[in-house]
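Worksheet: one structure, shown below.
The values are calculated or read from the model by the stated rules, or taken from the named source; none is laboratory data. Keep in mind the model is a prediction, meaning the values are calculated, not measured. In this analysis, Cβ positions are derived from the backbone assuming ideal geometry, glycine residues included, and neighbour counts consider all displayed protein chains. Quick note on the areas: whole protein, heavy atoms, side chains included, nothing else; ligands and nucleic acids left out. Shrake-Rupley method; radii C 1.70, N 1.55, O 1.52, S 1.80 Å.
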Protein chains: 2
Amino acid sequence: MGRSPTIRDVARRAGVAVSTASLALNGRPYVSKETRFKVLQAAEELGYHPHSLAKNLADGRTRNLGLITPISLDHLFGSAGFFANLLSGMHRAAADHGYNLSLHIADSEEEAAACIRSLLRGRSADGLIITNPTSSCPYLEDLGRHRVPFVFIGRPLAKAPYVDNDNVEACRLAVRHLIDQGHLRIAFLNGPERFTFCADRLLGYRIALKEAGLPYDERLVWRSELVEAAAYSTVKELAPRKGFTALFAASDVQAVGAIRALRELGRQVPQDVAIACVNNSELAQHFIPPLTTVDLHEYWLGHWAAKRLVQLIQGERAHHPILIPGELVVRESSKGGDGGGKASCKPKES
Amino acid sequence: MGRSPTIRDVARRAGVAVSTASLALNGRPYVSKETRFKVLQAAEELGYHPHSLAKNLADGRTRNLGLITPISLDHLFGSAGFFANLLSGMHRAAADHGYNLSLHIADSEEEAAACIRSLLRGRSADGLIITNPTSSCPYLEDLGRHRVPFVFIGRPLAKAPYVDNDNVEACRLAVRHLIDQGHLRIAFLNGPERFTFCADRLLGYRIALKEAGLPYDERLVWRSELVEAAAYSTVKELAPRKGFTALFAASDVQAVGAIRALRELGRQVPQDVAIACVNNSELAQHFIPPLTTVDLHEYWLGHWAAKRLVQLIQGERAHHPILIPGELVVRESSKGGDGGGKASCKPKES
DNA sequence: CACTACCATCGAACCGGTTCGATCGGATAT
DNA sequence: ATATCCGATCGAACCGGTTCGATGGTAGTG
């Protein structure tokens, strides 16, 4: 078997010029019905399929979206499941628009910057999706210079297009739920300040309190890294001092660590302390007691990130951020019944 | 700012032919020191960076590895964390060899087949990594015809190159551990027969029993889908009948379901029943009690899959499968102390 | 000194598509 | 009947690299 047939082979067989064959194969106008038919038939007979690289080089589009994740996976929002769902939605949206998704995992932000630079220089992606933007974002300058569209996943500090969970509303929902259960003093185990989503979650917490006319007590707001052990030791240290009947954790692994600490302090969940958290992972589902939590719909986060990026590539002036609503899932850890509100997956544009 | 400089710009500026510039830029022989220097300097001054698409088209290599995952993510080995780690290792190995990783998630095997066909026809990948092969593998014919190298992750039924966890040994280790704890009647909650890794896990279970001189009792081998609810109902139904003091589960979510069922049957873990399982996920770590399990080192699974694929692309006759050893992680659910054996990450070639 | 090797370099062809400008013929307008 | 326009088609240039065959010059060998 020889090499694969090219468009020239098709043209020759159909008895037309190469340019005509190209027009016919791409379903463009200015080709007569008969010619189009001849060309398509020739292509069919030869088993012709266009060479994607050649196509890309010729028209200057790569049909590629680059996903850059500048954080080692085990730290990604404290949950690998999150990432998997994100990917799934992103891939679907990309594929729906005829784009490939190419994956770039970096262990540090510098590595991510290097990776981005290399993608830009090689002109190997039509657009970039970048997760976990931080305050430094060393690649911003490069991005601006090369005029390649990009979208952040997560709220960046710099002014740039992004898609994020509606963290404020997610937390408002969860805390509101605890309040509805009759709790008046609700502790908040938040994540590190350096994450913008932690700032947003704090805001949601405060709004819920305010709406209910409850005082905001700084002494009830704690911080730990987004891992079980850190949450455990933080709670173990700080919990004994203050009176509270419920605890809201910024992530489910933190909730789990908190619960372990509380138990050792002689307080049972949910009897003595009600718990709610964010991030409906496998852990939250299967933990005993099952955790009341906010499902962040990561799938849609990924989906809209890709979709928005495609819009930008197509030249739409798509400014405003996209916020994906979360959905409260009530389970035993907060003592309530089951069920919970349904939230649609149509994002709200802020 | 004009368009990016091309190699012709560089050649012109350096006062050499395009072909010479190409040789110089790629560090190939037959270029004098001075010429090479002139070219590199010109490139530097112009800010030249090669256009990856053009390069790929010219030399016929895409520098792309396609990852095809023919299973919706939430079913992926019953664990998204597994997938995330897999990706991480795969990406690293691919990057180390100068390859991109492009992601293709399919919801069904037919979709995966379509995706593979499209990749092959467009000649858009130098090689393919395909997860979760099944008995049908409708794409095998296409793969053979296009002569594009590929590697399966997981043992396929057909004869084809693959990388997999050493499931047999992983399970032998875990069951052996239960035996060492003094258990004589060990139930096995396995996954569905259609997965080759479940067959392998059963084998490991049997070997461990045999080595210890324990009888194999079919009535102690159960099956459920790889989700918590299925495991729960299976154990709830079957556990009351048979006497056993330990249970080995093929995955950690199954272990969790089993534990829930056992509790409802009035048997505590680990006091009444010791538990061990496979798949060291977040869930296994943080569950109460923490689960004794086998860490499958998915990172290395992904890493070696990519590495082996690159070997195949480079023309090495790399036949034998690669098996990644697992590592037993002993936790409370099996009542033992802590620690556990260390396994190296150098794979064993069978 | 003639003959061969080989290094350095060059121009042209090539990879496989798309696109642009020119051409030609037939239908419509004047 | 002639000018105008437009649909269909063609050839050539282009995208930005790599590679191959040819050439010229220099050094080594008999």
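Accessible area buried by the pairing of B and A, both sides summed with a 1.4 Å probe, works out to roughly 4100 Å².
Give the calculated FRET efficiency between A:ARG61 and B:LEU46 to the nearest 0.05, with a Förster radius of 22 Å applied to their Cβ-Cβ distance. The computed FRET efficiency comes out at 0.35.
What you get for segment A:187-327, charging only the Cβ of Lys and Arg (+1) and of Asp and Glu (-1), is a dipole of about 300 debye around the Cα centre. Provide, for q = 0.07, 0.09 Å⁻¹, the log10 of I(q)/I(0) from a solvent-free Debye sum over equal Cα point scatterers in the protein assembly as shown. Taking Cα atoms of the protein assembly as shown as identical point scatterers yields -0.55, -0.88. Taking amide H positions as modeled 1.01 Å from N, with prolines and chain starts lacking one, the residues under 5 Å from B:THR62 and 5 or more places away or on another chain are B:ASP126.
Can you give the angle from 0 to 90° between the axis of helix A:228-238 and the longest principal axis of chain A, with both taken from C-alpha atoms, to the nearest 10? That helix lies at roughly 30 degrees to the long axis. For the listed residue pairs B:LYS38/B:LYS307; B:LYS159/B:LYS307; B:LYS159/B:LYS335; A:LYS236/A:LYS335, the alpha carbons are over 31 angstrom apart in B:LYS38/B:LYS307; B:LYS159/B:LYS335. Axis angle, to the nearest 10 degrees, between helix B:298-313 and the longest C-alpha principal axis of chain B: 40 degrees. Remark: mean inter-chain Cβ contacts per residue of A:101-113 equal 3, using a 10 Å Cβ-Cβ cutoff to other protein chain atoms.
Quick one: if the Förster radius is 25 Å, what FRET efficiency do A:VAL221 and A:ARG194 give, using the C-beta to C-beta distance and rounding to 0.05? The calculated FRET efficiency here is 0.95. Work out the P(r) tail for segment B:7-50: percent of alpha carbon pairs separated by more than 12 Å, whole number. Value for segment B:7-50: 47 percent of Cα pairs lie more than 12 Å apart. Projecting the Cα atoms of B:ASN279, B:GLY315, A:ILE129 onto the dipole axis of the protein assembly as shown, where Lys and Arg carry +1 and Asp and Glu carry -1 at the beta carbon, places B:GLY315 farthest toward the positive end.
Averaged over residues, the count of other Cβ atoms within 10 Å places the peptides B:8-14, A:157-163, A:325-331 in the sequence A:325-331, B:8-14, A:157-163, highest first.
Note on B:80-92: average number of Cβ atoms from other chains within 10 Å of each residue's Cβ is 6.
Remark: segment B:215-255 projects, on average over all directions, an area of 2.9 nm² (convex hull of Cα atoms). Cα axis of helix A:252-264 to longest principal axis of chain A: angle in degrees, 0 to 90, nearest 10? Tilt of helix A:252-264: around 20 degrees. Averaged over the residues of peptide B:52-62, the number of Cβ atoms from other protein chains lying within 10 Å of each residue's Cβ is 5.
As a rough guide to protection, the peptides B:206-212, A:164-170 ranked by mean Cβ packing within 10 Å, highest first, stand as A:164-170, B:206-212. In a reduced charge model with +1 at each Lys and Arg Cβ and -1 at each Asp and Glu Cβ, segment A:7-50 shows a dipole moment near 140 debye about its Cα centre. Approximating the spin labels as points 7 Å out from Cα along Cα→Cβ, the A:ILE207-to-A:LYS236 distance works out to 3.6 nm. Counting charges near B:ALA94 (Lys, Arg +1; Asp, Glu -1) among other residues having Cβ under 13 Å from its Cβ returns a value of +2.
Remark on B:ARG223: its backbone amide H falls under 5 Å from those of B:ASN190, a criterion applied only to residues 5 or more positions apart or on other chains, H modelled at 1.01 Å from N. Under a model in which nothing but the beta-carbon of Lys, Arg (+1) and Asp, Glu (-1) is charged, the protein assembly as shown shows a dipole of about 1980 debye around its Cα centre.
Interface burial in segment B:284-331 reaches 30 Å² or more for B:HIS286, B:PHE287, B:ILE288, comparing the full protein assembly with the chain by itself; accessible area from heavy atoms with a 1.4 Å probe. Bridging of A:LYS210 to aspartates and glutamates at a Cα separation below 20 Å is possible for A:ASP166, A:GLU169, A:ASP180, A:ASP200, A:GLU218, once same-chain residues fewer than 8 apart are set aside. Can you give the local net charge around B:VAL269? Use residues other than it whose beta-carbon is closer than 14 angstrom to its beta-carbon, Lys and Arg +1, Asp and Glu -1. Its environment carries a net charge of +1.
Averaged over its residues, segment B:182-255 has an accessible area of 43 Å² per residue, based on protein heavy atoms and a 1.4 Å probe.
Amide H to amide H distances under 5 Å link B:ILE322 with B:TYR162, B:VAL163, B:ASP164, where only residues 5 or more positions off or on other chains count and H is placed in the peptide plane. Computed packing ranks the peptides A:105-116, B:34-45, B:59-70 as B:59-70, A:105-116, B:34-45, most packed first, by mean other Cβ atoms within 10 Å.
For the pair segment B:22-74 / segment B:288-314, the C-alpha centres are spaced 30 Å from each other. Given R0 = 25 Å, the distance between the Cβ atoms of A:LEU184 and A:LEU265 translates into a calculated FRET efficiency of 0.80.
Applied to segment A:317-329, the Karplus parametrisation 6.51 cos²θ - 1.76 cosθ + 1.60 on θ = phi - 60° returns per-residue 3J(HN,Hα) values of 7, 9, 7, 3, x, 10, 10, 8, x, x, 10, 6, 10 Hz, with x for Gly and Pro. In order along segment B:142-153, the Karplus-derived 3J(HN,Hα) couplings, from 6.51 cos²θ - 1.76 cosθ + 1.60 at θ = phi - 60°, round to 4, 4, x, 5, 7, 6, 9, x, 8, 9, 8, 9 Hz, and Gly and Pro are given as x.
Derived scalar couplings between HN and Hα for segment B:22-32 equal 4, 4, 4, 5, 8, x, 9, x, 6, 9, 6 Hz in order, rounded to whole Hz, by the Karplus curve 6.51 cos²θ - 1.76 cosθ + 1.60 (θ = phi - 60°), x for Gly and Pro. When you work out D = kT/(6 pi eta Rh) for chain A at 37 °C and 0.692 mPa s, using the Kirkwood radius from C-alpha pairs as Rh and the Stokes-Einstein form, the result is 145 µm²/s. When the Gaussian network model of chain B links Cα atoms closer than 10 Å, the mean-square fluctuations of B:LEU140, B:LEU184, B:LEU25 top out at B:LEU25.
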